[in-house]
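Peer 1: What follows is a single structure, and I will ask about it in a moment.
The values are calculated or read from the model by the stated rules, or taken from the named source; none is laboratory data. All values reported here derive from a predicted model rather than from experimental measurement. Using ideal geometry, Cβ is built from the backbone for each residue, glycine included, and neighbour counts are taken over all protein chains shown.
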Amino acid sequence: MKIAILSRNKKLYSTQRLVEACKQRGHEVRVIDTLRCYMSINSDRPEIHYRGENLAGFDAVIPRIGSSITFYGTAVVRQFEMMGVFSVNESVAITRARDKLRSLQLLSRKGIGMPSTAFAHSPDDVQDMIKMVGGAPLVIKLLEGTQGIGVVLAETQKAAESVVEAFFGLKANILLQEYIKEAGGSDIRCFVVGGKVVAAMKRQAMPGEFRSNLHRGGSAELIKITEEERATAIAAAKAIGLNVAGVDLLRSNRGPLVMEVNSSPGLEGIESATGKDIAGMIVKFIEKNAKPHKTRTKGKG
């Protein structure tokens, strides 16, 4: 097969591992800088060009779309889909996952457990919003934040009001979320491939920190998840429409709660913690499922 990996950096661990896995399984693979792609949009023969070359003949594409280029990146993925190329994660699903509010609404509609969340446009509603999520302490999140950036723990009502008013003053879109104290600064990253949890790790925040992101100095270790946690992770990925996803769960007194569903989960932390060949599993998924014009959400925006 001829496989394209959309990635801005060939040297990233995840990109390198996917290239290795493709080559080990006998496939032709090419890393393409998403932002150097440009498109011919027409009704009879849509095309993607790259550095003067027409990108034709690919069987599958693996999108590694960073949050800062979601709009353009998903346009490129959508163009590949229009050309009949199988995408590991479809453009619509990537867009859903990147919109924190939309993804939470989709999870809510499917009855999937998640922390109580509030969203508003006006700072006049701050006090009622705080009540909605059970009062302080609570978590305030920028909708556009990633890797723990733009996430604040407000320990008192006054602190929450001050932070919310400051964000609103900057015209920022924010969510207020219930703080799950019993999680103890840890979460569980479940890696889902093709409707199965293929690996899971526990991420623990540094002392004095409540964000467990590995980019923020958190540690990771192998963990055995429960059947309920497994089912929740699978349901969350399905609700967003992702074939490959990193689903972040919190262990709470009322069961697993989904914190986030990631459409381009990193491979380094999960492969190091579990010793599993996740990149190889993604390539196997492509081998099993890649067929021309197999875009489930075609025509649905």
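Peer 1: All but one of (1) modelled with pLDDT under 90; (2) closer than 27 Å to THR70 by Cα hold for MET114, so report the exception by its number.
Peer 2: Failed condition: (1).
Peer 1: Can you tell me which of LEU106, LEU101 is under 30 Å from ALA136 (Cα atoms), outside the structural domain of ARG8 (by TED's automatic domain parsing), touching a residue at least 24 places away in the same chain (Cβ under 8 Å) and touching a helix residue (DSSP H, G or I) at 6+ places or on another chain (Cβ under 7 Å)? Don't jump to the end; show me each part of the working.
Peer 2: Values: LEU101 fails: touching a helix residue (DSSP H, G or I) at 6+ places or on another chain (Cβ under 7 Å).
LEU106 is the lone residue from the list that is under 30 Å from ALA136 (Cα atoms), outside the structural domain of ARG8 (by TED's automatic domain parsing), touching a residue at least 24 places away in the same chain (Cβ under 8 Å) and touching a helix residue (DSSP H, G or I) at 6+ places or on another chain (Cβ under 7 Å).
Peer 1: Please go through region 74-91 and pick out each residue that is within 14 Å of the chain's Cα centre (by Cα) and in a helix (DSSP H, G or I). Please lay out each step first, then the result.
Peer 2: As a first pass, look at region 74-91 and keep what is within 14 Å of the chain's Cα centre (by Cα): 74, 88-91.
Answer for region 74-91, where residues must be within 14 Å of the chain's Cα centre (by Cα) and in a helix (DSSP H, G or I): THR74, SER91.
Peer 1: Only one of ALA239, ALA231, ALA235 is over 22 Å from GLY66 (Cα atoms), in contact with a helix residue (DSSP H, G or I) (Cβ under 9 Å, 6 or more places away or on another chain) and in a helix (DSSP H, G or I); which?
Peer 2: Values: ALA239 fails: over 22 Å from GLY66 (Cα atoms); ALA231 fails: in contact with a helix residue (DSSP H, G or I) (Cβ under 9 Å, 6 or more places away or on another chain).
Every option except ALA235 fails the conditions.
Peer 1: Name the residues in region 20-64 that are part of a loop (DSSP other than H, G, I, E, B) and in contact with a helix residue (DSSP H, G or I) (Cβ under 9 Å, 6 or more places away or on another chain), would you? If you could, list the steps in order and put the result at the bottom.
Peer 2: Looking only at region 20-64, we keep the residues that are part of a loop (DSSP other than H, G, I, E, B), and these are 25-27, 33, 41-46, 51-52, 55-59, 64.
Matches in region 20-64: ARG25, HIS27, ILE41, PRO46, ARG51, LEU55, PHE58, ASP59, ARG64.
Peer 1: Also: Using the structure shown, decide if THR15 is closer than 29 Å to THR232 by Cα and without any contact (Cβ under 8 Å) to a residue 40 or more places away in the chain.
Peer 2: Details: closer than 29 Å to THR232 by Cα: yes; without any contact (Cβ under 8 Å) to a residue 40 or more places away in the chain: no.
It is false that THR15 is closer than 29 Å to THR232 by Cα and without any contact (Cβ under 8 Å) to a residue 40 or more places away in the chain.
Peer 1: Still on this structure, please answer the following. Here is a check on your reading of the model: is ILE188 within 23 Å of VAL151 (Cα to Cα), at pLDDT 85 or above and either assigned to a loop (DSSP other than H, G, I, E, B) or among the β-branched types (Val, Ile, Thr) (or both)? Let's see the steps before the verdict.
Peer 2: Details: within 23 Å of VAL151 (Cα to Cα): yes; at pLDDT 85 or above: yes; either assigned to a loop (DSSP other than H, G, I, E, B) or among the β-branched types (Val, Ile, Thr) (or both): yes.
It is true that ILE188 is within 23 Å of VAL151 (Cα to Cα), at pLDDT 85 or above and either assigned to a loop (DSSP other than H, G, I, E, B) or among the β-branched types (Val, Ile, Thr) (or both).
Peer 1: Something else: Please enumerate the residues belonging to region 187-201 that are over 18 Å from ILE286 (Cα atoms) and without any contact (Cβ under 8 Å) to a residue 40 or more places away in the chain.
Peer 2: Once the filter is applied, which keeps residues that are over 18 Å from ILE286 (Cα atoms) and without any contact (Cβ under 8 Å) to a residue 40 or more places away in the chain, region 187-201 yields nothing.
Peer 1: If you don't mind, there's one more thing I want to ask. Find the residue count for region 65-91, including only residues that are at pLDDT 95 or above and among the small types (Gly, Ala, Ser).
Peer 2: The qualifying residues number 4.
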